[in-house]
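Shown next, in structure tokens, is the structure this report addresses.
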Amino acid sequence: MKRIVTISREFGSGGRSVGKKLAERLGVKYYDKELVKEVAAETGFDPSYIEETGEHSASKSSWSYLFASPGVPGIMKGMSASDFLWCIQRNVILKLAEEAPCVIVGRCADYILKDRDDCLNVFVHAPLNYRADRIVRLYGESDKSPEQRLKDKDKRRANNYEHYTGQKWGASQNYHLCLDSSVIGIDRCVDLIESLTREL
């Protein structure tokens with residue numbers, strides 16, 4: 001049985017819902033917002049800052065990391081805030097994986113735990129129109145079109161992932177399982193992951 005499942009996901013694909021339902025089904029710990037609280041306790045950073053910066057680049061441009069301000073030498077060892085946060089977040093994920101079986105959503109957990117053989121890495125995706133409809137139903141309208149919101153968030157998420165892992169976000173070879181939630185459905189995605197988790 002795989003002790004740990006990591007769920008990476010396109011914005012609006014339902015990956016977070018899949019992760020939460022899976023953890024409930026397996027009776028294991030679930031880390032998403034909970035992981036943010038752990039990192040906040042370690043760093044003293046505001047949880048809203050961690051939630052945004054810990055998984056997204058500062059802008060849609062991968063160049064944003066080149067212009068990050070250096071941190072305070074005594075506190076962040078001279079690292080930028082995003083690099084310091086990455087190091088703490090990485091350590092927290094490694095610690096949580098050691099402590100107990102769990103489901104971890106996002107935050108490059110698939111890469112951070114890549115050397116473990118008790119980990120199943122999943123990527124949840126869906127077509128743009130499906131995700132656009134879903135985020136409007138869940139989060140409402142905004143000044144940007146739903147399609148633009150999706151593209152912006154996914155671009156920032158991809159930049160962050162590629163900067164810290166050197167790998168392409170969403171590339172199938174980086175995951176054990178890729179699921180299209182628009183075809184399979186949220187509950188069936190949970191069924192499939194649960195089955196693999198128990199069988200492998």
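Data for the structure
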{"item": "Computed accessible area, residue 53, all protein chains, 1.4 angstrom probe, square angstrom", "result": "30"}
{"item": "Unsatisfied cross-links (Cα-Cα over 31 Å) in the set 20/114; 95/144; 37/168; 2/144", "result": "95/144; 2/144"}
{"item": "Accessible area of residue 86 in the full protein assembly, 1.4 Å probe (Å², nearest 10)", "result": "40"}
{"item": "Per-residue SASA entry for residue 198, accessible area with 1.4 Å probe, Å² rounded to 10", "result": "120"}
{"item": "For the chain: accessible area per residue (Å², 1.4 Å)", "result": "49"}
{"item": "Under-5 Å amide H pairs with residue 178, H placed in peptide plane, nonlocal only", "result": "123"}
{"item": "All aspartates and glutamates inside 17 Å of residue 155 as judged from Cα atoms, apart from same-chain residues fewer than 8 positions distant", "result": "10, 51, 52, 55, 147"}
{"item": "Zone of residue 114's modelled label, taken as backbone nitrogen in the stretch 144-163 under 17 Å from a point 7 Å along Cα→Cβ", "result": "158-163"}
{"item": "Backbone HN-Hα couplings from phi across the stretch 114-120 [Karplus 6.51/-1.76/1.60, Hz, Gly and Pro as x]", "result": "4, 8, 8, 9, 10, 10, 10"}
{"item": "Label-point gap, in nm, between residue 80 and residue 180 - each point 7 angstrom along Cα→Cβ", "result": "3.6"}
{"item": "Pairwise label distance in nanometres, residue 130 with residue 1, each label 7 Å out on the Cα-Cβ vector", "result": "3.0"}
{"item": "Which of 13, 48, 145 is most accessible, then next, and so on - probe 1.4 Å", "result": "48, 145, 13"}
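The values are calculated or read from the model by the stated rules, or taken from the named source; none is laboratory data. Just so it is clear, the structure is predicted and the values come from calculations on it, not from any experiment. Cβ coordinates were reconstructed from backbone atoms using ideal geometry, including for glycine residues, and neighbour counts include every protein chain displayed. Side chains included, ligands, DNA and RNA excluded: accessible areas come from the protein's heavy atoms. Shrake-Rupley method; radii C 1.70, N 1.55, O 1.52, S 1.80 Å.
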